[in-house]
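Asks: Before I ask anything, here is the structure I am working with.
The values are calculated or read from the model by the stated rules, or taken from the named source; none is laboratory data. Model, not experiment: these values are computed from the prediction. Note: ideal-geometry Cβ built from the backbone for every residue, glycine included; neighbour counts use all protein chains shown.
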């Protein structure tokens, strides 16, 4: 059953009782603003969303840092050395 926002506020307990039968949709000025569903349906949605999420590169680095900390491992980073870039050198020579 669709509910208008004001009606949903006034009859909140009825709205909650109706959720047992089906999700309740709440509209404000003919625009859907909320859906009230049973808690177990929402938990299923959260589980589905979590399973569907792919870890980001930042997540992978965070996990790697944690593993390194647990293993007391320190990554040795060699000093940086500039190397020649023929493209830059040749274009620089043209403008001299």
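Asks: Looking at 13, 91, which is the one that is surrounded by fewer than 10 Cβ atoms within 10 Å (Cβ to Cβ), out of contact with any helix residue (DSSP H, G or I) (no Cβ under 9 Å at 6 or more places or on another chain) and either outside any loop (DSSP other than H, G, I, E, B) or at pLDDT below 95 (or both)? Let's see the steps before the verdict.
Replies: On the way: 91 fails: surrounded by fewer than 10 Cβ atoms within 10 Å (Cβ to Cβ).
Sole residue among the options that is surrounded by fewer than 10 Cβ atoms within 10 Å (Cβ to Cβ), out of contact with any helix residue (DSSP H, G or I) (no Cβ under 9 Å at 6 or more places or on another chain) and either outside any loop (DSSP other than H, G, I, E, B) or at pLDDT below 95 (or both): 13.
Asks: Return the residues of the stretch 62-73 that are loosely packed, with under 11 Cβ neighbours inside 10 Å and in a helix (DSSP H, G or I); say none if nothing qualifies.
Replies: Scanning the stretch 62-73 gives 66, 67, 69, 70.
Asks: Do you know which residues across the stretch 32-61 are over 17 Å from the mean Cα position of the chain (by Cα) and loosely packed, with under 10 Cβ neighbours inside 10 Å?
Replies: The answer is 39, 40.
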